[in-house]
Amino acid sequence: MELLRPAGKCISSRCCNVSCSDLSSTGLNERRCIARDVLGLYGSIITCAAYTHSDVSNEVPVDDFVKALKQCIIEHPVLCTVIQNAETERPELARSVSIDLNEHLRTLDPVPTGRDDGEAIQRLLEQAHNEPFLDRHLHPPWRLYILPLSSAATSKFRAAFSYSHALADGKSGLLFHMSFSRALENMQNLSFDGTRTWEIPVLAKGLHPPLELAATLPISWSFLLRPLMKEFLPSIVTRALGVTTNDSGDRWCGALMRPERPAPLQLLRTAARLRSISHKVVRGVLAVCRKHNVRLTGLLELLTARALALLLSARGQQYHSYEVETAMDLRRCIPTATDSMANFVSAVTDTITLPSNAPALGGLTDEDWITARRLTEHQAQASNTLADQPVTLLKYLTNIREWVQKKATQPSDLSFSVSNISIFDSRCTQQWDSSQSTWHVEDMVFSQSADATGAPFNLNVVSTKEGSLMIVLSWWPGMLGVDDEENFAEEVCSSVVEQMSAIAQ
């Protein structure tokens, strides 16, 4: 029986469905995410794809989804991984020797004909985000929701893959859909049956090592000392040393205090808003960005800050400084991790300062493009190195669980976070001439739940090759610091879309 990672010994009486010889230690970021999940401070990541069969009359048996999931489990050990001792400071991962797919597959009622697809997706995201993963020691923390988009057949449906950030990151969701779409395309060659309780065969590979074991993560003294000084020295000292960032009160960080946390073991609620930007607009925006040496993520962050400044001003709140956190996928620095579902993310933070006379949202000025280029350059630098990655600082915490709890009680020091998991190209999932494919992924949506330890809201971005760019704004209700949160979230999304359209013209 293969090992997930270096083996340990099982001392739990609860893991009767687990290979006790396959216990393995967790990485630092995995431990942070596990603590956050167990405390109900974070729910899940979701990648939701629209699948269409070339034969619209083709009705797909539900058993085919079961068979496709079995193939995905064979390819990705994360999908049969459970978490032991999750409530402790030293959780462990173990391989489940069997799986009951009734716990992982949800088939929903079809979307009525003529119903707005965006509204249906939004409801699906909120449903999935707000359904907690239970019994992590028995059931791998993931689910697949199948939402038929026609009452006549399942030849067109959405598949929403919801999973714990403790085991996998945003890019992992794209890897899942690559495997799932291949399995659907190659269904006639799969050897599985449709039974949902399955004894998992010995896998060809184990889990990829955690980030800090997969690569060397050097850290400089200058990078290390800043957060340590901010944590332990009085603010008057850190300000004198130039350690603190903008704490002048001109930086918007959402509500002055975080909302009341849910009762123990209850999951905090996530709200979400979705917007789609056509490929034509995106193509036009990218052409303008190239002229200014700007990448799309940096531009989106600038446009979001501009939208916030205008919309907050309309509500009597004047802010001109915004602290944005950008998620970084480090796989390009770890070649062996390219196709592995795992948790390989870090992050960078940047300050966006807007003119004090801000703004009616006209065209971008030269100063705006300089800001977007600065963001782009910093993100490019951070994603191409393993040195001085913030995730490495976790090893200096004596108790990650206590630190997570503390973060959830403190006001946010961020304005928003952005995670762009890039482009899903369904043609890359095929091992044959894609023009002969019968299954096609029309669009992709990416979302993550509200984070009680993070920014007031997350902006989650993904697109398909030659398809629309999909943006989801997700937040913890009560965290935005305005009276009309739902309208505010809608207006932020709409403003970003309108600014993108104006740039593309």
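Quick look at the numbers
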item: Residue satisfying all of: in the range 436-458; under 19 Å from Ala120 (Cα atoms) and not aromatic (Phe, Trp, Tyr); surrounded by the fewest Cβ atoms within 10 Å (Cβ to Cβ) among these; result: Glu442
item: Positions within the range 176-205 being part of a loop (DSSP other than H, G, I, E, B), surrounded by 15 or more Cβ atoms within 10 Å (Cβ to Cβ) and modelled with pLDDT of 85 or more, in sequence order; result: Asn186, Leu190, Phe192, Arg196, Ile200
item: Verdict on Gln122 being crowded, with 18+ Cβ neighbours inside 10 Å, among the polar types (S, T, N, Q) and assigned to a helix (DSSP H, G or I); result: yes
item: Residue list for the range 127-136, filter: more than 24 Å from Trp475 (Cα to Cα) and surrounded by fewer than 20 Cβ atoms within 10 Å (Cβ to Cβ); result: Asp135
item: Every residue from the range 372-391 that is touching a Ser or Thr at 6+ places or on another chain (Cβ under 8 Å) and in a helix (DSSP H, G or I); result: Leu375, Thr376, Gln379, Ala382, Pro390, Val391
item: Answer from Pro77, Pro132 - the residue that is in contact with a Gly (Cβ under 9 Å, 6 or more places away or on another chain) and under 24 Å from Pro210 (Cα atoms); result: Pro77
item: Residue under evaluation Leu93, criteria (1) surrounded by fewer than 19 Cβ atoms within 10 Å (Cβ to Cβ); (2) touching a helix residue (DSSP H, G or I) at 6+ places or on another chain (Cβ under 8 Å); (3) farther than 22 Å from Phe65 by Cβ, criterion not met; result: (1)
item: Residue tally, condition at pLDDT below 95 and touching a His at 6+ places or on another chain (Cβ under 7 Å), over the range 356-399; result: 2
item: Where Gly363 falls short, out of the listed (1) buried (at least 16 other Cβ atoms within 10 Å of the Cβ); (2) more than 20 Å from Val461 (Cβ to Cβ); (3) touching a residue at least 60 places away in the same chain (Cβ under 8 Å); (4) not basic (Lys, Arg); result: (1)
item: Complete set of residues in the range 459-479 that are more than 21 Å from Asp443 (Cβ to Cβ) and surrounded by fewer than 21 Cβ atoms within 10 Å (Cβ to Cβ); result: Pro477, Gly478
item: Residue among Ser222, Ser235 that alone is modelled with pLDDT of 55 or more, hydroxyl-bearing (Ser, Thr, Tyr) and either surrounded by fewer than 16 Cβ atoms within 10 Å (Cβ to Cβ) or not assigned by TED's automatic domain parsing to the domain that holds Leu310 (or both); result: Ser222
item: Filter pass, Ser44 being out of contact with any Pro (no Cβ under 9 Å at 6 or more places or on another chain) and either surrounded by fewer than 20 Cβ atoms within 10 Å (Cβ to Cβ) or not acidic (Asp, Glu) (or both); result: no
item: The one condition in (1) out of contact with any strand residue (DSSP E or B) (no Cβ under 9 Å at 6 or more places or on another chain); (2) closer than 18 Å to Ala50 by Cβ that Thr88 fails to fulfil; result: (2)
item: Flag for Ile121 being in contact (Cβ under 8 Å) with a residue 12 or more places away in the chain and either under 16 Å from the mean Cα position of the chain (by Cα) or more than 27 Å from Asn420 (Cβ to Cβ) (or both); result: no
item: Residue that is nearest to the chain's Cα centre (by Cα), among those in the range 135-149 that are assigned to a loop (DSSP other than H, G, I, E, B) and closer than 20 Å to Leu125 by Cβ; result: Pro141
item: Qualifying positions in the range 272-320 - surrounded by fewer than 22 Cβ atoms within 10 Å (Cβ to Cβ), closer than 23 Å to Asp451 by Cβ and in contact with a Phe, Trp or Tyr (Cβ under 6 Å, 6 or more places away or on another chain); result: Leu312, Tyr319
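This table checks each residue for (1) touching a residue at least 60 places away in the same chain (Cβ under 8 Å); (2) not in a loop (DSSP other than H, G, I, E, B).
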| residue | (1), (2) |
| --- | --- |
| Arg269 | yes, no |
| Ser276 | yes, yes |
| Val285 | yes, yes |
| Thr297 | yes, yes |
| Ala305 | yes, yes |
| Gly316 | no, no |
| Tyr322 | yes, yes |
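The values are calculated or read from the model by the stated rules, or taken from the named source; none is laboratory data. Predicted model only: the values in this text are computed from it and were never measured. No Cβ is skipped: glycine too gets one built from the backbone with ideal geometry, and neighbour counts run over all protein chains shown.
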